[in-house]
Structure formats: structure tokens, C-alpha cells
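The block underneath contains the structure these notes are about, expressed in C-alpha cells.
The values are calculated or read from the model by the stated rules, or taken from the named source; none is laboratory data. If you're wondering where the values come from, they're calculated on a predicted model, not measured in any experiment. A quick note on method: Cβ atoms are made from the backbone with ideal geometry, for glycine too, and the neighbour counts reach across all protein chains shown.
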Amino acid sequence: MKQLLILGAGTGGTIMANKMRKKLSSDEWSITILDKSKTHYYQPGFLFIPFGYYTRKNITKPVRNFIKGKIDLINNEVEKISPDENKVLLKDGTSLSYDILIIATGTQISPQDTPGLKGELWQKKVFDFYTIEGSEALATFFKNWKGGNLVINIADNPIKCPVAPLEFSFFADEFFTKKGIREKVTINYVTPLSGAFTKPKASKLLGSLLEKKNINLIPDFFLGEVDNSNCKIIDFGGREVLFDCLVTIPLHTGDPAVAKSGLGDEFGFVKIDKNTLQSVIKENVFAIGDAGNTPASKAGSVAHFQADTLEKNIVSYIEKKPLSASFDGHSNCFIETGYEKGILIDFNYTTEPLPGTFPLPVIGPMFLLKESRLNHYGKLFFKWIYWNILLPGRFLPISDKMSMSGKKIDRN
Amino acid sequence: MAQKTYAGKTVDVNEEGYFTDPSQWTKEIAVEIAKEEGIVLTDQHFAIIEFLRKKFLAGETLSIRSINHSGVLDVKTFYQLFPGAPLKKATKIGGIPKPVSCI
């Protein structure tokens, strides 16, 4: 019996386990998936918790619910991967052998890597919303907050879901307006980027939304340290921004086990070919989603689109054929802009987000790069799609490859 | 495409002055671009420029935080060497394209 081992039962790992089980004969291949958590978090939901739109129970389900049939689920933590021995050592001292390994261990925040960030103000005036604990602590804080200087700061890229900090700012504007204290809250969006977003057209639209909502944009700011006694963030060049509440998006790293295994880059992201998703170091190792170092967004939609490529390439690898499936960097994000509106963007490695309609030309029904109510409801409805179609590896009629159909190209 | 002449050599640059062909770069050229930016290059400048060029030519993403892993210098020193916007200045002087975040 051959072994396919998947590390991580998040979005990418779960989809791959279910896809590969349908693809590989259970007489020849056993599939094992491992995760340290027994709970699967719907991570896009973390953003909604600080504002009271969701609570923990709205966004969690047991990992077990999504791993069915002949797939072994192990609740344990990885200590180290030994690619030369095709073996994974676990925290309890046991080990697992594999013929093919898929690393889907995601990315995690690393506030301890910035001096002062996880200091005495941590979860008192300094919060993250990329963990369940952080977003819940922030929800409690916001309930009683009387206003002041709210600073939303991205330490440096790459981060998970690059649009989430913008959505957070838009939600904050709406939340404090409805609470009747918006004039007492200054919202500052402090980013290492030179504008609101990376890609020019989307950056322009999102930048004008920040302005419209009276949110200050402070660009080119690379966080060096947090001064806990004077409540300020300081960049490497010495620039300072004062805060009464700091919402931080700390540095992100890959799983420590990846860093120890020699398969990763300097931040612990698995070094893979950006098109085939195969490790550039060991040929029977692959990675999906945030765990890899592909120059694509670290977002669930990317993991979902990558899954189609990875499924084909693993089958080719088993059949000793060239890995012909190629991931194009496709990413698709709903961006909440507040007041029950949203923007949808769709892009890949080479094409920036463009205006138009999605998924079909003219009739849409979604609008690209434009605020609409339907885009907001699309995002809310996506939670159902995620649990019921995406994780079980069922067919979703959205192509894994980015399509130019419906997109408008500005010739100027 | 625009062209500029540095140290007697004509090179291809984009509208912001960044090289479009990193192979046209030489150390003599770097000294002249640095002058335009008000920077006098030292061995330490060249060491980090070499690191960035090597990383870029290997197809890797350049970022401020990767400087701490360069083994050459830390981010604070990087800011002192190229004041204001170190990554933008260092890549311009180093003859490689301006880093774009890939998200």
C-alpha cells in the first residue's frame, strides 16, 4: 500500500484529501491527513467578529465533518519533516512515512518577531484579528471603547488575505458611525505599500474609498518596533504614529516544522515551482495554499484554484508523466466595503484586477472592481459554499484559470 | 522605452528610471545613479546591492524583511545607507526593477 500524507487539514489540505480520495484507488493508496486542531475555522469570518457580526460558533465546525470515507485523520503536531527519509516526525515521538507528501500547513502570525509588539499592551490596546483569540479580544474591547486614535497597521508582506486590513478599516468606519462616536475615532491605515493596494487599478479605487470614508492612508511604513510606554509604532526609518488602539497585522511565517526541514525559504514557506506546485528541492513533495512561496495571494481562493492543478500534477507524478498542469496565479476576492456593499476582484500572476462582470460577460451577475450590494451578499453566501462545496472537493462552476471573459481592458 | 547614459554607457530604463535589463549594470554605473540620489556608495552598499541582485536574478521576491536574513546587514542599517525608501533606492542603484508586491 502506498501512502499519500497531507500535513494540515485547513482549506487546501481538506480539499486535497477529498479530491485525491476520489482520484486514487483505495486498494493502492492510503491517504492520511494530520492537523493539530480538531476545529476547522472559517477564516474569512475572523474579520467579522470584532464588529459583532459573527461569533465563534458561527465560523467553526469539527475537522472530522469534512474528512470522510477512507481517509485517516490524525490529531497531532508535526515536529520535523525528513525529506531524505520520506518521513515526518511528530511531537509525540512517533513518525509517519510517505510516498507523496502535500504540505498544507498554512501561515501563522509572528508578533514576537517585532520588538515590543507582543509587549505589555498586547490584547489590552494592541490586537490582531488573524486568530480567533485576537478577534474575540478586539470584539470585547470595541464594545466599551469611547474612541481615540485607531491605527490599522500591516507590519510587512506577505500576509494572509491582503485585502482584509482594508475591509477592517471600512467596517470600523461603519461600526463607529452607527455607534454614534465616529467623530471621536480617527482611523489611520498604515501600510508598507505605496498605496492602498498593490495593483494599480484596484489601488486607485480602494484609495478613493479610504478618502471618501475619512480614513487616513499612511504609506511606505515598515514597522520596526512598538513603543508600549508611549503608545506609538515606529518604522525602521524613525517615523512614528501614535495609537490609542493598534490593530496589527503582524509578520507572517510558515510552519516552524517547514523551516526545520530544509524545504522552506527564509520565512518558512515551502519553496515550490509557482506553476506546478512541486517542491524545487524534493520531487515527491508538494505544497498548496499559504504554506507555499508562490507569488500569489495567501488566500483561500488561491488554495482552491491551486487544488485543481495539484490534483492533476500528482496523478501525472504517480504515472511518471511530466507535470503538465500549470497554476496561473488566479485569485478571486470579495472585498467588504461597509454598509452592505462589496467589491469583487479577479486576477492572476500577470493580469491585474480589471473592471467588468463576473463570471459571465454583461450579465454577471457580479460586478468586478465596483461597489455593489450583490458582491456583499456574494461574500456572505460564500460561507455556505465553503462548507458544502469547496471543502468536500465538489465541483464549483468557476474555472481554476483566470478568464478574460467579462473583463474590460482600458486601452489608454 | 527610455534610455539613459551613465559612466559612458547607454542603458535601457523605464519611466521611473529603473533598469529594464539588469545585465547592462556595472559598478561604475551604480556610482553615478547613487550620485543622483545623493548617496556615496561604500563596500557595505555594494554588499547589499549584490545580495539584492542575486536574489532578484534567482527569481525570488525582494522585501524589506528579507534584509534581516541577508547575512550582510540588518534593516536599520539598510535605512541608514539608503535613507527614506531603501528598497526602492537600492534596486534603482543596483540596476534591477522596482520590487512589486505580488499580492
Would it be correct to say that B:GLU28 is in contact with a strand residue (DSSP E or B) (Cβ under 9 Å, 6 or more places away or on another chain), farther than 22 Å from A:PRO295 by Cα and away from every other protein chain (no Cβ under 14 Å)?
-> yes
Name the residue, out of B:LYS27, B:LYS35, B:LYS9, that is surrounded by fewer than 18 Cβ atoms within 10 Å (Cβ to Cβ) and more than 15 Å from the chain's Cα centre (by Cα).
-> B:LYS9
Got at least one residue in region A:67-82 being in a helix (DSSP H, G or I) and touching a Pro at 6+ places or on another chain (Cβ under 9 Å)?
-> no
Qualifying residue in region A:185-201 (condition: outside any helix (DSSP H, G or I), outside the structural domain of A:SER372 (by TED's automatic domain parsing), basic (Lys, Arg) and at pLDDT 95 or above) = no
Kindly provide the set of residues from region A:282-337 that are among the hydroxyl-bearing types (Ser, Thr, Tyr), in contact with a Leu (Cβ under 7 Å, 6 or more places away or on another chain) and in a helix (DSSP H, G or I), ordered by number.
-> A:THR309, A:SER316, A:TYR317
Would you mind finding the one in A:PHE141, A:PHE168, A:PHE127, A:PHE197 that is closer than 14 Å to A:PHE48 by Cα and out of contact with any Cys (no Cβ under 6 Å at 6 or more places or on another chain)?
-> A:PHE168
Residue pairs within 7 Å by beta carbon, gap of at least six or interchain, first lying in region A:214-225 and more than 10 Å from chain B (Cβ to nearest Cβ), second of a type in the set (Asp, Glu), listed first then second, are A:ILE215/A:ASP173; A:PHE221/A:ASP235
Looking at (1) surrounded by fewer than 20 Cβ atoms within 10 Å (Cβ to Cβ); (2) more than 20 Å from A:LYS379 (Cβ to Cβ), find the lone condition where A:GLY52 falls short.
-> (2)
In the set A:GLU336, A:GLU352, A:GLU340, A:GLU311, the lone residue that is of a type outside the set (Val, Ile, Thr) and either over 23 Å from the mean Cα position of the chain (by Cα) or within 14 Å of chain B (Cβ to nearest Cβ) (or both) is A:GLU352
Filtered residue count, region A:62-114, keeping only those that are touching an Asp or Glu at 6+ places or on another chain (Cβ under 9 Å) and at positive phi = 3
The one condition in (1) in a helix (DSSP H, G or I); (2) away from chain A (no Cβ under 12 Å) that B:PRO97 fails to fulfil = (1)
Are any residues in region B:56-94 more than 9 Å from every other protein chain (Cβ to nearest Cβ), part of a loop (DSSP other than H, G, I, E, B), of a type in the set (A, V, I, L, M, F, W, C) and closer than 20 Å to B:VAL13 by Cβ, and if so, which ones?
-> B:LEU62, B:PHE82
